[in-house]
Every structure is written in C-alpha cells, then in structure tokens.
Amino acid sequence: MNTPMLRSNALLRLVAAAFALSVFAASCDNSDSVTTSTAAMDDMSDEHTDDDSHDHDDSHDHKEPDDDMSDMSEGAGHSDHDHGGPVEFAGSEAPTIKIMVISDPAGGVNIGVTTSNFTIAARNASTAHVEGEGHFHLWVDGIKTTRFYTDWLHVSGVVEGTVELMVELSANDHRPYALDGEPIAHAVTFEVPAHEHSGHDHDVPESQEVEGTVPDLSIDVVEDPKSGFNAFVTVEGLELSAEQAGDHHVDGVGHLHVYVNGQKLGRLYGEAMHIPALPSGSVEISVQAFTNDHRPYTVDGQPVQASTRLTVS
C-alpha cells in the first residue's frame, strides 16, 4: 500500500492538520475554542486528522456551521506517541478484531469495529495493563491518528481517493496487543467517494421536536492519567446509530455532538470520547442529541443536551 498516491494523501492530510492546529493555538486568547500549545500537541496521542476544507460532518442537507474540530493529528506531536513495544497476549484465547468501513453521506467515513475476547475499558485508559482490556487506535495511511473507545467512529478528515484505514487493539497503557509478535489489528483499503458540496447551507439547522420518549443525557469529564481528558456520556431514551447517520429521520434514533465552549469537537456514536487538549481557565463541555439527518432534537423548542464545566490549569 506504500504507493506514491497514498504517501501524497497522507502528507496532504498532515499539512492540513498542522495548519488547523496553528489556527486553534492562535485562538487561545478568545477562550471559546479548543486550543493547543506545542506541549499539548505532544500529548495529543490519539485524535483525528482534520481537513476543514473537506470536513462536512453533519452538514448534509441541513444548516449547521461546519466547525467540527474533532480531527487533530497525532502526527503533529512527538513524545507522547512512543508507548513502548507491543504487549504479547498470554491467554489461551487471543482477541480478534475486524473492521468495516462505510462512506458517510455528509462526508468522511464511518468505521465499525467487531472484536472477540476483548473488553473496551474507557475508564481504565492510561492505567496499568490488564490482559483483555483496552481501547482502539486508528491508523490512516500508516499514521496513527486516533484513540477511541466506541464500536463506531466517524472520521471526517479523509477525502476523496484511496485510503488505508487500520484499527489496532491497544492495552490500557497504550501498548498495541500482539500475538506471536504481530500486532492484533485489521486494515481495510477504502475508496472514498467524491463529496458533493452543492445544496449545503451552514447556517443554524432546522430542529426536530421529540415525538416520543424524551432523551436524557448527562456528561462527566475527567483528566486522562497520561494526556488530555476523557468525556463519559450517559444516554437514555435515544438509540445511537452510526449505520443510520445521514439516513431519514426516525424518532428516538440518532447520534451525539460534543462541544467545547460552544464549538463542535466531533460526532459521537457511543458513550466515551478522548479529548486531547482543552484551553486553560473555565471550560464548558456539552453533549447534544441529533437526528439521523443531522438536525438537533428539541423539546418545546429547547435542545436536548447536557453540559459540565471544569477549570483547566
């Protein structure tokens, strides 16, 4: 897969990510966006690679501003990326992993992960190794870009063309699991289709009143022992569905958006997300419910959301 096209694609994505990171850092004084310093970039071991010019996460057929900041490149950092050599699985039944990739109608791709003999342990991330526990790392064109804790992940920073996506099993302490010296991972080569930009309006999207059970959300954010923060979301009354993202509206089905000081961090299909860095001072992190067709759920005109505030030194 080390073709000139793939190497060129990877380089372009990293350049775009570095530019995006410099913009975020420059906006630190505004305290209304996620920002990163050079030190924070070194700690960003596990976030996405972004290309704002192509990232239309949740912009398909609605009027939401396209300000998704979820894709921050791990390639921009240094020291935090060396987690040591692989950890050999010692048990009799080794974990397995298989991924599937589907194109997202609003841009990017959705990656579904199926495992066996493996427990996703988001609350144990960056702690001592426990065999059979851990999380996932995503590699895009040979570059590690993301730590994630969910069976489905939306990746907006991949653009039209051939891309190699690999997900590996990671131990709690971020070392890749291995069997007989080989990482336990699965790679897929995927042809990302062209994304049509016509018909997209990036103003405030039309809302959708909840017709049945009112979803109940809560969010808790704690500092990750190694770097960044982990957000934990509790969801009741809403089915989170990556497979139906971009599809027609079904009451009680949808996905979540996570925001930092009102600026979107990313789309979430599960109940945990790693946040690589936050601006200093008082920071509000919120989660909001959205429909399959990317409109915010509302009750009596008010968005279905939850928030928490913490002070970052």
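The values are calculated or read from the model by the stated rules, or taken from the named source; none is laboratory data. Treat the numbers as computed from the prediction; the structure is a model and nothing was measured. Methodologically, a virtual Cβ is constructed for each residue, glycine included, from the backbone with ideal geometry; neighbour enumeration extends over all protein chains shown.
Right, A106: out of contact with any helix residue (DSSP H, G or I) (no Cβ under 7 Å at 6 or more places or on another chain), more than 19 Å from H274 (Cβ to Cβ) and either of a type in the set (A, V, I, L, M) or modelled with pLDDT of 95 or more (or both) or not? When the stated conditions are applied, A106 passes them. The set of residues from the range 195-231 being crowded, with 16+ Cβ neighbours inside 10 Å, touching a Phe, Trp or Tyr at 6+ places or on another chain (Cβ under 9 Å) and modelled with pLDDT of 95 or more comprises S207, Q208, V210, P215, I219, V221, N230. In the range 129-165, of all residues being among the acidic types (D, E) and part of a strand (DSSP E or B), the one that is nearest to the chain's Cα centre (by Cα) corresponds to E164. Within the range 263-296, work out how many residues are of a type in the set (A, V, I, L, M, F, W, C) and not in a strand (DSSP E or B). Qualifying residue count, the range 263-296: 2. Residues in the range 166-182 that are surrounded by fewer than 18 Cβ atoms within 10 Å (Cβ to Cβ) and outside any loop (DSSP other than H, G, I, E, B): L179, E182. The residues in the range 110-147 that are among the hydrophobic types (A, V, I, L, M, F, W, C), closer than 16 Å to A187 by Cα and buried (at least 21 other Cβ atoms within 10 Å of the Cβ) can be counted, and the count is 4. Among the residues of the range 294-304, those that are surrounded by fewer than 19 Cβ atoms within 10 Å (Cβ to Cβ) and either under 23 Å from F229 (Cα atoms) or in contact with a strand residue (DSSP E or B) (Cβ under 6 Å, 6 or more places away or on another chain) (or both) comprise T298, P303. Sub-8 Å Cβ pairs linking a first residue in the range 167-190 that is assigned by TED's automatic domain parsing to the domain that holds I120 to a second residue that is part of a loop (DSSP other than H, G, I, E, B) and basic (K, R), at least 6 apart or interchain, are H174/K226, ordered by first then second residue. Given the structure, is V287 under 17 Å from the mean Cα position of the chain (by Cα), among the aliphatic types (A, V, I, L, M), within 18 Å of D104 (Cβ to Cβ) and buried (at least 20 other Cβ atoms within 10 Å of the Cβ)? Against the criterion (under 17 Å from the mean Cα position of the chain (by Cα), among the aliphatic types (A, V, I, L, M), within 18 Å of D104 (Cβ to Cβ) and buried (at least 20 other Cβ atoms within 10 Å of the Cβ)), V287 does not qualify.
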